[in-house]
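The values are calculated or read from the model by the stated rules, or taken from the named source; none is laboratory data. These figures come from a predicted structure and were not determined experimentally. All Cβ positions, even for glycine, are placed from backbone atoms using ideal geometry, and neighbour counts span all protein chains on display. Side chains are part of the model used for accessible areas, which takes the heavy atoms of the whole protein and leaves out ligands, DNA and RNA. Shrake-Rupley method; radii C 1.70, N 1.55, O 1.52, S 1.80 Å.
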Amino acid sequence: MSASLSRPRVGVWLIGARGSVATTVVTGCAAVAAGLHPPIGMVTETPAFTGSGLPALSDLVFGGHDTLDCPLPKRAETLTAGGVLPPGVATAVTAELAAADREIRPGGPTPGDTRSQAELITAFAADIRDFVHRHELERAVVVNVASTEPASHGPYAPLPASTLYALAALCAGCPYVNFTPSAGMHHPVAAAEAERNGMPHAGRDGKTGQTLLRAVLGPMFAQRALSVRAWSGTNLLGGGDGAALADPAAAAAKNAGKERVLADTLGTVPEGEVHIDDVPALGDWKTAWDHVAFDGFLGTRMILQTIWQGCDSALAAPLVLDLARLTARAHEAGLSGPLGALGFYFKDPVGEGPSGLSEQYEELVRFGRSLGQGGVEAEDEGGCRAARSMRVPGETGEAL
């Protein structure tokens with residue numbers, strides 16, 4: 001096939017590119033594209049999105065940033081041993097894993113890194129632009145799937161790493177998706193730049209388990225006029241997320257989205273908290289318990305308890321692929337700013353939109369339908385030109 005007739009390819013630049021979620025994303029994409037497994041969990045592969053003009057899975061090219069040096073094929077072996085990936089799949093797609101691993105660049109900041117924040121943003125953006133140029137990609141979407149970081153405080157606190165990467169995405173002219181509870185584009189500095197830049201972006205914090213269930217049950221109680229008195233939860237998880245969320249500040253950032261779903265769907269904040277316990281022996285598996293105390297007719301007191309047990313990486317990976325494809329298509333269609341219609345995927349979504357899962361799904365389907373109707377082509381590298389005037393508060397260097 002000649003170059004003129006070949007289909008345009010789209011880059012997916014993963015922040016945390018050697019983590020469990022990223023490894024499962026790359027492995028799963030290759031396996032589904034090759035017909036080794038069906039696209040279970042991928043909403044964009046259902047009939048509702050057939051005419052949305054999304055990039056094919058086989059046309060996605062992966063790269064990313066990470067501070068770890070474990071190669072993706074080796075990481076996939078570990079996930080296979082832990083039951084996250086099915087036997088034989090990682091071996092079957094070793095070439096695709098190795099190709100993606102060659103595109104992973106050192107992240108930061110790391111201990112001893114003397115580069116300024118502006119220099120880090122410039123370096124990260126250069127890595128992304130180089131990736132797009134070398135592979136002759138039509139566009140690339142930056143997706144943050146790194147471990148949750150503690151919330152930063154104070155006007156003079158250094159920008160968190162997730163925000164440095166978000167600003168780098170804007171500087172490189174790329175849409176951005178924050179699948180984590182970390183600040184990312186929500187930081188005031190990045191939010192202001194995103195508004196000026198106009199690049200489409202989505203997030204934050206993927207809705208994969210406990211909060212997914214809450215987004216279904218919350219509207220049920222509200223619609224049936226049942227009074228929820230208390231809603232408490234406990235999470236047991238291991239792996240990188242378990243270790244990261246052992247930090248109370250990181251756990252607080254994670255729980256904020258869980259609490260928002262209840263507040264938005266119930267119209268009130270019930271008593272109770274969510275506790276997160278790090279259990280290293282669980283690896284990439286997690287257990288979530290919810291205990292809901294509610295009143296029925298004539299004040300009759302009742303209880304609902306739920307148990308969710310699942311593999312976080314396997315739950316997250318199809319959503320990441322959905323989001324990368326939808327965001328890339330939105331960029332192609334000339335859309336800009338926060339993509340509120342993607343709230344279906346998030347605990348703490350950007351923009352405006354409903355909070356109940358059913359309503360969010362309906363809005364997502366409408367969004368997919370609108371993408372199939374085309375749109376105005378985005379100006380090439382317009383975001384990058386705008387971002388070159390970006391300045392990082394607290395630093396006196398030249399504009400990027």
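State all residues of segment 78-98 that are without any contact (Cβ under 8 Å) to a residue 40 or more places away in the chain and closer than 25 Å to Asp312 by Cβ; if no residue qualifies, say none.
Residues satisfying the conditions are Thr78, Thr80, Ala81, Pro87, Gly88, Thr91, Thr94, Ala98.
Residues in segment 98-147 that are open to solvent by less than 60 Å² (accessible area, probe 1.4 Å), acidic (Asp, Glu) and at pLDDT 95 or above: how many?
Going through segment 98-147 one residue at a time, the tally reaches 3.
Kindly indicate which of Glu377, Glu332, Glu363 is farther than 30 Å from Pro160 by Cα, at pLDDT 95 or above and open to solvent by 30 Å² or more (accessible area, probe 1.4 Å).
Glu363
When Glu136 is evaluated against the numbered criteria (1) closer than 27 Å to Asp59 by Cβ; (2) under 19 Å from the mean Cα position of the chain (by Cα); (3) assigned to a loop (DSSP other than H, G, I, E, B), which criterion, by number, is the only one it fails?
Failed condition: (2).
Check whether at least one residue in segment 43-64 is assigned to a helix (DSSP H, G or I), crowded, with 22+ Cβ neighbours inside 10 Å and in contact with a Leu (Cβ under 7 Å, 6 or more places away or on another chain), and report yes or no.
yes
Scanning segment 177-223 for residues that are assigned to a strand (DSSP E or B) and touching a residue at least 40 places away in the same chain (Cβ under 8 Å), which turns out farthest from Gly351 (Cα to Cα)?
Here the residue is Gly206.
Does Val132 satisfy the condition of being touching a Cys at 6+ places or on another chain (Cβ under 9 Å), under 19 Å from Pro106 (Cβ atoms), touching a residue at least 24 places away in the same chain (Cβ under 8 Å) and among the β-branched types (Val, Ile, Thr)?
When the stated conditions are applied, Val132 passes them.
I'd like the residue in segment 380-392 that is aliphatic (A, V, I, L, M) and not in a helix (DSSP H, G or I) and, out of all such residues, is modelled with the lowest pLDDT.
Met390
Given the conditions (1) charged (D, E, K, R); (2) in a helix (DSSP H, G or I); (3) in contact with a Gly (Cβ under 8 Å, 6 or more places away or on another chain), which single one is not true for Arg105?
For Arg105, the exception is condition (2).
Name, by its number, the condition in (1) closer than 24 Å to Ser147 by Cβ; (2) open to solvent by less than 60 Å² (accessible area, probe 1.4 Å); (3) not in a loop (DSSP other than H, G, I, E, B) that does not hold for Val32.
The number of the failed condition is (1).
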